[in-house]
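Here is the structure we will look at, set down as structure tokens.
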Amino acid sequence: MTTRRSIITWGSFGLKAFLLLLVIHASVTRDVIFTFIGIICFGLALVPPLLGRRVWLPAECDACVTTILVAHVFLGMTLELYETSPIYDKVSHYTGTLMLSWLALRIVDRQVNVKGAMLPSGLRSILLLLFAVGIGTMWEILEFLIDQTDLVIAQRGLADTMYDLMADLLAGMTVGLLSTYRVVPQPGARHPEKANAIMQDAEFLRKPPSHRLLTG
């Protein structure tokens, strides 16, 4: 586990260094727009390790977020796959949202394990689906706001935006489906007393209303 974590950590560090080199190159060549976007992406890449010092995050979180950002800057912008490939944008939406939704699932399962929260698998799948669509929607809003500057064209019409959102939706559906087969930690595994209380509450709610008044 330690070796795996070290590989993930160093891999993420290498991707950040590569992203920083792209930003430096853009600034040297006086590509103002690329430099500005690169700085924003590099700042976002620093969020997971900084946030991980205060809250628990999966070991893969830093690497996944950095990979998404590097793919956006290097593959999409530097190699211009956004312009030359008709499917790259959709594939990046799907894979990026897929990774973020899977991380969200890991975090939810962690809370189940530590705090003893009960979350039915069906509800968990719906929340993951909403999370995926929400992430995609926020990204499209960001692209819309960028377009208002008239510096770059991020959105290429209504059809392009809808296909992007459908890719995000498909990613959410994929993770939601996979989550039904994922083994969920026992509620409150680290706090048995919470688990007992939760199970008692669940049993109480399954009783008929009249019986609750007599025994509750």
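Here, each number is a calculation from the coordinates, and none is a lab measurement. This one's a predicted model, so the numbers in the text were calculated from it and none came from an experiment. For neighbour counting, all protein chains shown are included, and Cβ atoms are generated from backbone atoms with ideal geometry for every residue, glycine included.
Descriptive notes on the structure:
- Here segment 86-188 yields Rg over Rh of 1.09, to two decimals, using C-alpha coordinates and the Kirkwood radius.
- Counting 0.36 nm for each residue step from Val91 to Leu130 and taking away their Cα separation leaves a gain of 12.1 nm.
- Ordering of 141-151, 4-14, 63-73, 30-40 by packing [mean C-beta count within 10 Å, highest first]: 63-73, 30-40, 4-14, 141-151
- Radius of gyration, Dmax [segment 15-107; alpha carbons; angstrom]: 14.1, 41
- Cα pair distances exceeding 18 angstrom across segment 9-68, given as percent: 36 percent
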